[in-house]
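Report on the structure given below.
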């Protein structure tokens, strides 16, 4: 396993992060336990979850993934072996705390304490803001459309001050962002420095061969300010494994089960781009899935690549990606396809 520092902390996290959002939906608790056992044995010490998991988010399964992780901690007594990340949801989920989702006051306190209870732990290593309170171009939107009448959102300095309370109390070690923009990241970093408030240590945003928009504005920030990317959806919901090639729709797959939720990757030129990337994997005799993951891992702005497997075969294949090499020629070929089909699935 490979390891990198989380932000400017002393924490060394595995460059493969165990994603957990299928536990409680596509995976049972027993299957989640098996994945956690195997991942830890392979040196994966970094796990990511969220209060709204499992996915697709529903009121009926809210918090189920955290419960499964907490039950594993209780059974195995290995909490100290894991660098655990979870997230507090932003606005738009009406079944959460009467829809009053914000990152300050009673809402944040309740969200954090409930996560700690479900996870059966006294502290969170990395507590992330799942998406901004303000209006931004996230979840598949490329352009930013400003709204003069947007809903009110809390000042960033107030959010940082609120998080500081829980860092001082020991409930949170470090904090991070998710689905954030360059403007947002810069403001968080600027205000934390100016006001001596907690510093954001990571940015959990989408990054894969079909969506390299992170490179446009956030990559430089990640490198210069030591706030690395935690790449979610590195396999583009499975499209970059090849299992959906030629219109194939495997039984039980995410797209077959919940296609209406995963529309981010059902875009013009997606199939063309996937076909070309697949051809490159065949040309160089490299596993398509592992090539897609390794491309993410080797980026200079990358801290960790979040994988989400529903079977043990997939999990083993994903973790093994850290051991493959991509030649300069292969990488050049991948970049050439990006020029032909630039970010078909932002």
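Computed values, structure above
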read-out	value
Flag if residue 222 is within 21 Å of residue 300 (Cα to Cα), in contact (Cβ under 8 Å) with a residue 40 or more places away in the chain and assigned to a helix (DSSP H, G or I)	yes
Those residues of segment 94-116 which are touching a strand residue (DSSP E or B) at 6+ places or on another chain (Cβ under 9 Å) and in contact (Cβ under 8 Å) with a residue 40 or more places away in the chain, in sequence order	103, 108, 111, 112, 115, 116
Flag if residue 248 is touching a helix residue (DSSP H, G or I) at 6+ places or on another chain (Cβ under 9 Å), surrounded by fewer than 16 Cβ atoms within 10 Å (Cβ to Cβ) and more than 30 Å from residue 125 (Cα to Cα)	no
Failed condition for residue 282, given (1) over 23 Å from the mean Cα position of the chain (by Cα); (2) within 23 Å of residue 57 (Cα to Cα)	(2)
Every pair of residues 6+ apart whose Cβ atoms lie under 8 Å, when the first sits in segment 129-147 and is at positive phi and touching a residue at least 40 places away in the same chain (Cβ under 8 Å) while the second is surrounded by 14 or more Cβ atoms within 10 Å (Cβ to Cβ) and assigned to a loop (DSSP other than H, G, I, E, B)	139/131; 139/179; 140/345; 140/346
Matching residues, segment 71-93, being over 21 Å from residue 176 (Cα atoms), in contact with a helix residue (DSSP H, G or I) (Cβ under 6 Å, 6 or more places away or on another chain) and surrounded by fewer than 21 Cβ atoms within 10 Å (Cβ to Cβ)	73
Among (1) within 21 Å of residue 32 (Cβ to Cβ); (2) in a loop (DSSP other than H, G, I, E, B); (3) in contact (Cβ under 8 Å) with a residue 60 or more places away in the chain, the one test that residue 91 misses	(1)
Residue in segment 210-217 that is over 24 Å from residue 274 (Cβ atoms) and either over 16 Å from the mean Cα position of the chain (by Cα) or at pLDDT 95 or above (or both) present	yes
Scan of segment 201-219 for residues that are part of a helix (DSSP H, G or I), under 15 Å from residue 342 (Cα atoms) and touching a strand residue (DSSP E or B) at 6+ places or on another chain (Cβ under 8 Å), ordered by number	214
Residue match in segment 225-233 (condition: part of a helix (DSSP H, G or I) and surrounded by fewer than 15 Cβ atoms within 10 Å (Cβ to Cβ))	no
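Conditions tested, residue by residue: (1) in contact (Cβ under 8 Å) with a residue 12 or more places away in the chain; (2) surrounded by 13 or more Cβ atoms within 10 Å (Cβ to Cβ); (3) closer than 27 Å to residue 7 by Cβ; (4) in contact with a strand residue (DSSP E or B) (Cβ under 9 Å, 6 or more places away or on another chain).
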| site | (1), (2), (3), (4) |
| --- | --- |
| 269 | yes, yes, no, no |
| 277 | yes, yes, no, no |
| 282 | no, no, no, no |
| 300 | yes, no, yes, no |
| 304 | yes, yes, yes, yes |
| 317 | yes, yes, no, no |
| 326 | yes, yes, yes, no |
| 336 | no, no, no, no |
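The values are calculated or read from the model by the stated rules, or taken from the named source; none is laboratory data. Predicted model, so just to flag it, every value in this text is computed and none were measured. Virtual Cβ from ideal backbone geometry, glycine too; neighbours counted across all protein chains shown.
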